[in-house]
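The values are calculated or read from the model by the stated rules, or taken from the named source; none is laboratory data. Computed from a prediction, not measured in an experiment: that's the story for all the values here. Ideal geometry is used to build each Cβ from the backbone, glycine not excepted, and the neighbour counts take in all protein chains shown. Protein only, heavy atoms only, side chains kept; ligands, DNA and RNA dropped before computing areas. Shrake-Rupley method; radii C 1.70, N 1.55, O 1.52, S 1.80 Å.
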Amino acid sequence: AKDAKLPSEIPEFIDWLRSQLESDENAGFRKLNQPALLTRYFSDMRCALLNIHKVCKARAQAMIVVGDNRTSVRDKSICIPTSKFVEQIAKSVGFACLEHIYIDVTTENMLHNKKAITKNIVLRLQKH
């Protein structure tokens, strides 16, 4: 998690998660690959938000829907604060966050999915 362009809290969290997963003897290949996937996701989000910022006029608003995710290490659930990190990225590329709009996710078709996202957040952003 060595992307100097990401706000420092993000690679720090990813490095911490990597250390937790590497110490879990039951973690398989897919789980051990999560830190690399998260790094790529947040780097891609940064590129997307930079492009959105580029095409927005001054004081224009944009909205993005994002939901936090979960993983587990040694049967302990860990929240991946995706919405917080995406907001930090948005701020780092020149947006202000005007509002968080919380929306529920319909879960009746996901009754057996313990990791299902049940809430999303709409980040209402404004270009400086």
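Ignoring ligands and nucleic acids, what accessible area does Lys84 show with a 1.4 Å probe (Å², nearest 10)?
Probe radius 1.4 Å; accessible area of Lys84 about 90 Å².
What distance in nm lies between label points placed 7 Å from Cα along the C-beta direction at Lys76 and Asp44?
Calculated label separation equals 3.0 nm.
Students often get this wrong: which residues of the range 22-53 have the backbone nitrogen under 18 Å from the point 7 angstrom along Cα-to-C-beta of Ser92?
Under 18 Å, as judged by backbone N against the label point of Ser92, lie 35-53 of the range 22-53.
Quickly estimate the mean residue ellipticity at 222 nm for the chain, helices only: each DSSP H run with n ≥ 4 gives -39500 (n - 2.57), and the total goes over all residues, rounded to 500. Show your work: numbers first, answer last.
Details: 4 runs with 51 residues, N = 128.
About -12500 deg cm²/dmol.
Bin width 10 Å, alpha-carbon pairs only: give the P(r) of the range 1-53 as whole percents, running from 0 to the bin holding the largest distance.
Pairs per bin, as whole percents: 25, 46, 22, 6, 0.
Quick one: putting +1 on the C-beta of Lys and Arg, -1 on the C-beta of Asp and Glu, what dipole do you get for the chain around its Cα centre, in Debye to the nearest 20? Show your work: numbers first, answer last.
Details: 20 positive and 14 negative charges, 94 e Å.
With only Lys, Arg, Asp and Glu charged at Cβ, the dipole is about 460 debye.
For a bin width of 5 Å, list the pair-distance distribution of the chain built from all Cα-Cα distances, rounded to whole %.
2, 10, 18, 19, 18, 15, 10, 5, 2, 0, 0
Using a 1.4 angstrom probe and counting only protein chains, how large is the accessible area of Glu22 in Å², to 10?
130
Once the other residues with Cβ under 12 Å from the Cβ of Leu50 are scored (Lys, Arg +1; Asp, Glu -1), what is the net sum?
Details: positive: Lys5, Arg46, Lys54, Lys127; negative: Asp44.
Summing Lys/Arg as +1 and Asp/Glu as -1 gives +3.
Leaving ligands, DNA and RNA out of it, report the carbon-plus-sulfur percent of the accessible area of the chain at a 1.4 Å probe.
Roughly 53 percent of what the probe reaches on the chain is carbon or sulfur.
Please identify the helices of the chain, taking whole runs of DSSP H, that span at least 30 Å along their own axis as judged from the Cα atoms and have a mean Kyte-Doolittle score of -1.0 or higher.
Helices passing the filter in the chain: 34-55.
In debye, nearest 20: dipole of the range 1-68 around its Cα centre with unit charges on the Cβ of K, R (+) and D, E (-)?
Here the size comes out at about 580 debye.
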